[in-house]
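Each remark here refers to the structure printed beneath this line.
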Amino acid sequence: MARSSLDSMREASTGTLVVTEPLNFWAGKRVKPRQETNPEPVFEPATGRVLCQLYPCGAEEVDQAIKSAHSAYLQWSKLAGTERARVMLEAARIMREKRDNIAKLEVINNGKSISEALVDIDVAWQSIEYYAGLAGALAGQHVQLPGGAFAYTRREPLGVCVGIGAFNYPFQIATWKSAPALACGNAMVFKPSPMTPVTAVILAEIYKEAGVPDGLFNVVQGGAETGSLLCHHPMVAKVTFTGSVPTGKKVMEMSSKGVKHVTLELGGKSPLIIFKDCDFENAVKGALMANFLTQGQVCCNGTRVFVQREIMPKFLEEVVKRTKAIPVGDPLLESTRMGAMISKPQLEKALRYVAQAKKEGARVLCGGEPYVSSDPKLKDGYFMSPCVLDNCTDDMTCVKEEIFGPVMSVLPFDTEEEVIARANNTTYGLASGVFTRDISRAHRVAANLEAGTCFINNYNISPVEVPFGGYKMSGFGRENGQVTIEYFSQLKTVIVEMGDVESLAAASELNGESLPNYHTEIISVLLRPSVLDNFALLSGQLNTINKLLKNEKTPSFRNQVIIPLLLSPDRDEDLAKLTEQRVPVFSHEIVPDYLRTKPDPEVEEQEKQLSAEAGRIGPEVAQKQIQTLNKLCSNLLEKLNNPREDRDSESAAMRQNKPSFNPADTNALVGAVAFGKGLSKCRPPGPVAPGHPGQGSMMSGGPTLQQVTIGSGSGQPAGIGGPVAPPQQGQPGKMPSSIKTNIKSASASMHPYNR
């Protein structure tokens, strides 16, 4: 409808309107159908006459609409939340201004009473205002990380979202889906039900008038084929659907092929539980609200009304009396409370359910028949008298299946436990309700009902501030409420390092200039007989070293303080003192002077050789070697948690020079070379023998240490059981030349060209 046509709705009446304007909208304007062939008639429910012709959008038109939306999204998403909010608030203002005319057009297209339609439009502009208020409040989280680093999160839009609406609330559903989407910075392409195509384009024009970029909210018309094109389109980031369970399953299946975000608001067969201690007047009115709004075509209707047996006769008498008094007729009359059903097939379906219920033993207390109005212009309308069924059981078709018509099934119950079990005995889980004066019971029942919404002492109210959605086959995701922001946005984590980048491989820079030093020296230290026989001491020392490395991470500190400390002739005494002091942060002031010296010339020469080797094999290979060493180191420290008796038996085996486990396990000794960052990333160890963890090679495809002869040349596999030269006097921790030679051979054999 053009603006002038919408304004003319003030004088419109039932049976007089003919819609001729195009119903598609993208790129900021209405768009004529590409091919005016195979039109589908759209009927006015109250009269049964043709209101307009619908031309479904094909692949080319869907593609144009989505590309138009994406172009607008690129502009809209760059605006601040407060800037988006101002535009949305203007849209809400325009909607309030046009409220009466939009409601009348909705009635003509949908068939519901004007009193309901006016409420729907109010809920629509309230939804836009609510999400406009949230648009400027979208924020992430700040997280402080160790060492001055920090992280933060950004809540970002998804992109182009697709909304697929239902016929029962055409305009309201379009706003429920578009308001949170636009607030988050997205664009939307909306496809209304082919039975109610008229008012969604009005919403598009309102957004346009309010100042959104052209293409931000587009409307494409069509049925299942058009919906399939939308769900499969590669530029669509999310699909939000309202409708039946079978169609929802298809939407989910199609969207999953592109791994799209999906929200499904599907059907229901909701229970309404009325206890004998209820406020009786409110309970009766609640039951009417739960069943006959929008001619019973509401997915969350409480169509299974469970009434405690003691008040059952009184309830039936009163509810039947009030149901018969509901005014049915011309939906544009203010006195009408029930209008026409959406289509002739839907009317016939509801009547069949009533007939089936009678066959299965239910008793019709009132209604359940076609309603024939005395107004001649309504004689072909799709009207049905509201129906109340008694003598129902849980296994009846009318109790198990969603009718989507004005049919209330009433069932008796005796106890709270019984009725909760029966209420939950359904594949649906959209809504539920309970009427009672016992506040404890009310909350207890609400907690036990398997439904996305539970009304206490009321039913079918829809405040935009609270989430709405289902359990089980009633769908997932939520509409309304603050939580819906999460369903129309995505979270990005940003991690910010304020200091130097630390390699996984100790303090080494893998640029071909340096690699971890002191490999052989540290292995030698860990092979000392005094260390092997004193596991508790080793555990404490490693724990202290871990703490030192955790607090002081610079390479120079490791090279000049930590490594010399490990290799010091007085290492045991110095580390014991530090351990006893339980210093939380290692300070340079407590380091003995002799520990500040640089490594001796022989160690420096080995460092140069290793650096040259790193440059030769390349940083990628070196990185893999170091990662392997770190893993072996972790295995070594895990073994420190072995029971005491295991440690003693292993120690005895070592003193007897006999291996007490698989020699291949000795590869874990190499883990000690990843001393810097590797040990600092491990948990504080418990005392156990080094060199016991699992098998493996230093690199995939490389030799294991058991293939390298260490010791006297006897061919015995390397390991704790092999002969190890003790440290020479004055040079504790120095590796015997035979070990140095063989480790150097092992290092050379890891070169990719030598494998």
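The values are calculated or read from the model by the stated rules, or taken from the named source; none is laboratory data. Worth saying up front: this structure is predicted, and the values here are computed from it rather than measured. Every residue, glycine among them, receives a Cβ derived from its backbone with ideal geometry; neighbour counts consider all protein chains shown. Quick note on the areas: whole protein, heavy atoms, side chains included, nothing else; ligands and nucleic acids left out. Shrake-Rupley method; radii C 1.70, N 1.55, O 1.52, S 1.80 Å.
Within the stretch 45-145, the ratio Rg/Rh, alpha carbon atoms throughout and Rh by Kirkwood, equals 1.12.
Of all the accessible heavy-atom surface of the stretch 220-355, with the other protein chains kept in place and a 1.4 Å probe, what percent is carbon and sulfur? Solvent-exposed carbon and sulfur of the stretch 220-355 make up 58 percent of the total.
The reciprocal of the average 1/r between distinct C-alpha atoms defines the Kirkwood hydrodynamic radius, which for the stretch 166-312 equals 17.5 Å.
Here Arg437 and Lys321 are evaluated by their C-beta separation; at R0 = 35 Å the FRET efficiency comes out at 0.90. Multiplying the residue separation of Glu11 and Asn38 by 0.36 nm and removing their Cα-Cα distance gives an extension gain of 6.5 nm.
Here each label is just a point 7 Å from Cα along the line to Cβ, and for Lys492 and Glu310 those points are 6.2 nm apart.
If you count, for each residue, the other Cβ atoms within 10 Å and average over each peptide, how do 404-411, 86-93 line up from highest to lowest? Show your work: numbers first, answer last.
Numbers: 404-411: 26.0, 86-93: 19.9.
Order by mean packing, descending: 404-411, 86-93.
Each Lys and Arg contributes +1 and each Asp and Glu -1, all at the Cβ; summed about the Cα centre of the stretch 24-266, the dipole is approximately 420 debye. Counted residue by residue at 0.36 nm each, then reduced by the alpha carbon distance between them, the extension gain from Glu83 to Gln482 reaches 141.7 nm. Rolling a 1.4 Å probe over the heavy atoms of the protein chains gives the stretch 271-463 an accessible area of 41 Å² per residue.
Relative protection proxy for 13-19, 150-156, from highest mean packing down: 13-19, 150-156 (other beta-carbon atoms within 10 angstrom).
My understanding is that a pair violates if its Cα-Cα distance is over 30 Å; which of Lys260/Lys472; Lys98/Lys472; Lys344/Lys400; Lys249/Lys349 do that in this structure? Before the final figure, lay out the partial values.
On the way: Lys260/Lys472 20 Å; Lys98/Lys472 38 Å; Lys344/Lys400 23 Å; Lys249/Lys349 22 Å.
Going by Cα-Cα distance, Lys98/Lys472 fall outside the 30 Å limit.
Summing +1 for each Lys or Arg and -1 for each Asp or Glu, what net charge is found among the other residues whose Cβ lies under 10 Å from the Cβ of Phe171? Net charge around Phe171: -2.
Taken per residue, the accessible surface of the stretch 24-266 reaches 35 Å², heavy atoms only and a 1.4 Å probe.
For the peptides 366-378, 346-358, the ranking by packing is 346-358, 366-378, with the highest mean count of neighbouring Cβ atoms within 10 Å listed first.
Given R₀ = 35 Å, what would the calculated FRET efficiency be for Asn391 paired with Ser335, taking r from the Cβ atoms and rounding to 0.05?
Working: r = 33 Å, r/R0 = 0.95.
According to the calculation, E is roughly 0.60.
Extension gain for the segment Glu60 to Gln141, taken as residue separation times 0.36 nm less the Cα-Cα distance, is 25.0 nm to one decimal.
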